Amino acid sequence: MDREFLLQEDKDRFEVEDLLHDGLYDFDDIKYDAKTRELHFQVADFYNKYHLKWKWRILPCLRVTKESLSQCHVRFLGVDKWHLADLAQIGQGDITTIRCLTNGILISGMFPVKLSISLDSPYRVIVCRNDEKKGYRKPSTENGPV
């Protein structure tokens, strides 16, 4: 389901932040189209799945795998410019907070990574979320009602 959000003040960010909180995004997935002035990327939520296996039938071994819980496709409309500050140098970032600033949006998380996006005001964000496990639905290209 595609949902469009207009963020005019910092208090308007909470609904978007709830949808994307604790999600991870890869830097290689960030795409910017200068012609349409859109910035978009995928955000994935993960949870740890624990497996208990017996090694040589004597010692139990705990194996942890990450399973995808949900995926979102996020689009920012009216982007003038964007900057990624990657102090961690691990190739991905997480989303804990989204702050509305006077000239755009700042996305930060637990990793020392910050994504700053300069946008036209009011800030338009479209989130396409799919909560099915390991499923992903491409976002529609139509802008639905606000």
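The values are calculated or read from the model by the stated rules, or taken from the named source; none is laboratory data. These numbers were taken from a predicted model, which means no experiment stands behind them. For neighbour counting, all protein chains shown are included, and Cβ atoms are generated from backbone atoms with ideal geometry for every residue, glycine included. Each accessible area value is taken on the protein alone, full model and side chains, heavy atoms only, with ligands, DNA and RNA left out. Shrake-Rupley method; radii C 1.70, N 1.55, O 1.52, S 1.80 Å.
Out of (1) modelled with pLDDT of 80 or more; (2) out of contact with any helix residue (DSSP H, G or I) (no Cβ under 8 Å at 6 or more places or on another chain), the odd one out for L84 is which?
Looking at each condition in turn, L84 falls short on (2).
For the stretch 1-78, give me every one of the strands (runs of 3 or more DSSP E) that falls completely inside it and has 1 or more residues that are at pLDDT 90 or above and either of a type in the set (F, W, Y) or open to solvent by 100 Å² or more (accessible area, probe 1.4 Å) (or both).
Values: elements: 2-7, 23-26, 31-33, 38-55.
It comes to 23-26, 31-33, 38-55.
Scan the stretch 1-21 and tell me whether some residue there is among the basic types (K, R) and in contact (Cβ under 8 Å) with a residue 24 or more places away in the chain. Steps first, answer last, please.
So in the stretch 1-21, the residues among the basic types (K, R) come out as 3, 11, 13.
Adding the requirement that they be in contact (Cβ under 8 Å) with a residue 24 or more places away in the chain leaves 3, 13.
Within the stretch 1-21, one or more residues are among the basic types (K, R) and in contact (Cβ under 8 Å) with a residue 24 or more places away in the chain.
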